[in-house]
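A quick write-up on the structure given underneath.
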Amino acid sequence: MKKTFFILMFLLSSPCLVAQNDYLPTKENLEAREWFEDAKFGLFIHWGVYSVLGDGEWVMNNQNISVDTYEKLPLFFNPVDYNPEQWVKMAKDAGMKYITITSRHHDGFSMFDTKASDYNIVERTHYKKDVLKALAEACKKEDLKLFFYYSLLDWRSDDYFPRGRTGNGIEGRAESGDWNKYIAFMKAQLTELLTNYGEIAGIWFDGHWDQKEWDGKKFGAVKVDWHYDEIYSLIHELQPQCLIGNNHHLAPIKGEDFQMFEKDLPGKNTTGWGTSSGDIGALPKEVCETINGSWGFNLQDKKHKSDAELITYLINAAGYGSNLLLNVGPMPNGEIQPEHIASLKNIGKWLNKNGETIYGTRQGPVAPSGSMVSTQKEGIVYLHLLDNKKDTYLIPHFEGKIKKMTFFANGQKVVHKVDEFGLTFAVPKEVRDDIDTIIKMEF
Ligand code: GLC
């Protein structure tokens, strides 16, 4: 970190630099990116007819359910207890600033009123209502931004051809199809999503990886042309501020506005199929994670993470300069699992007290490690100490001029020393917090 403490502080707090070659984001788009980076915390919602089976959103693939059989599911999907105002309130109480909801997942079922396919919630369910519309209205009322998740991959559409690596055990898929028609279909749906629901903060693409070559060890190039140029410019033409992200696990592609990391902090790739550290670009970042082990509602999933784990993940994400998009998978009746609601409430309580050290911050100058991450804003650095057993810390080669260094929780001064080795400070037991001991450094 030699000599770089302040240089880094300056670089990291300067407005987002445009990373892409010939895509020039508009002023609205750049402002939206700033908003996005400040927001830090969003709610991911995976909801579809798959929730009826309580076995996650991949159930069609995992149980090899034929196209015909799967088509019965919409008939059982009748979310009479769906209350979008309650969802929005829950998200706000959790300290979340936006919602990203699945508009169409890999099963090909559209959760909105679309003219591009009759396989949608209005035409195929007894509920007959557009759940996205109701959510968009509730979000607008409460000033929460809304993103739409949109699957590139489709296990049902004939025109999704050539097929990808997944869903090949599903009977009833066509043996031929018209790829260009599929692209036109997606463009028609995206046009609807960006025309009929007011201002949309972003589109969250997923499924690119379905078309990547796989040699049994690693992924290669994609087999198809996704027409990203056309699709991305269509989105930006319809709504210039709309942020585009794509869960392709690659470095950002021209036209994208943020980079996402699935179930991993940027650069970690513990899943093995995620984004490698060399592929991190300069765009705003977002990490997505589940509360238990599933995205879509899973009745048997007991891998519920503790509140401490979830809060620590949020802190870590911020320390990596990233947002956290935390997922719930609502039940088929439209309610969110009570355990998930409880966790979100507790995260909200933590943020209520400590939000200053997360919202509106950028990655701090001290590189993240297992025991410490840092965030920063306007002349302030927050050190988040995540190991409550440690009593002394050394930040090597430290060169800043500290005006004030206090424990965030009680304002108590931090005993510290800056010398040729760096910054040394002590954290007495009585001020240590089980989750995060925060130190505020003013410069
Ligand atoms: C993966 C899964 C998908 C899920 C997404 C969320 O891409 O295929 O089901 O929606 O992750 O990050």
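The values are calculated or read from the model by the stated rules, or taken from the named source; none is laboratory data. It should be emphasised that the depicted structure is a prediction, and the values quoted were computed from it without experimental measurement. Here Cβ is always computed from backbone atoms with ideal geometry, including for glycine, and neighbour counts include all displayed protein chains. Heads up: the accessible areas ignore ligands, DNA and RNA and are worked out on the full protein's heavy atoms, side chains in. Shrake-Rupley method; radii C 1.70, N 1.55, O 1.52, S 1.80 Å.
Key figures
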quantity: Residues located in the range 50-95, provided they are farther than 30 Å from Lys349 by Cβ, surrounded by fewer than 22 Cβ atoms within 10 Å (Cβ to Cβ) and within 16 Å of the ligand (Cβ to nearest atom); calculated: Leu53, Asp55, Trp58, Asn61, Asn62, Gln63
quantity: Single condition Glu289 does not satisfy, out of (1) of a type in the set (D, E, K, R); (2) in contact with a helix residue (DSSP H, G or I) (Cβ under 9 Å, 6 or more places away or on another chain); (3) part of a loop (DSSP other than H, G, I, E, B); (4) under 23 Å from Asn61 (Cβ atoms); calculated: (3)
quantity: Strands (runs of 3 or more DSSP E) completely within the range 172-254 that count 3 or more residues being open to solvent by less than 50 Å² (accessible area, probe 1.4 Å) and within 16 Å of the ligand (Cβ to nearest atom); calculated: 202-206, 243-246
quantity: Residue in the range 357-373 that is under 22 Å from Leu324 (Cα atoms) and in a helix (DSSP H, G or I) present; calculated: yes
quantity: Filtered residue count, the range 107-121, keeping only those that are open to solvent by 10 Å² or more (accessible area, probe 1.4 Å) and among the acidic types (Asp, Glu); calculated: 2
quantity: Test for Glu262: is it open to solvent by 10 Å² or more (accessible area, probe 1.4 Å), within 16 Å of the chain's Cα centre (by Cα) and either basic (Lys, Arg) or within 14 Å of the ligand (Cβ to nearest atom) (or both); calculated: yes
quantity: The range 139-171 - residue that is within 30 Å of Glu199 (Cα to Cα), assigned to a loop (DSSP other than H, G, I, E, B) and open to solvent by 50 Å² or more (accessible area, probe 1.4 Å) and, of those, nearest to the ligand (Cβ to nearest atom); calculated: Arg156
quantity: Odd one out for Lys389, checked against (1) of a type outside the set (Val, Ile, Thr); (2) open to solvent by 40 Å² or more (accessible area, probe 1.4 Å); (3) touching a strand residue (DSSP E or B) at 6+ places or on another chain (Cβ under 8 Å); calculated: (3)
quantity: Only one of Ile358, Ile336, Ile380, Ile347 that is among the β-branched types (Val, Ile, Thr), more than 22 Å from Trp35 (Cβ to Cβ) and surrounded by 15 or more Cβ atoms within 10 Å (Cβ to Cβ); calculated: Ile336
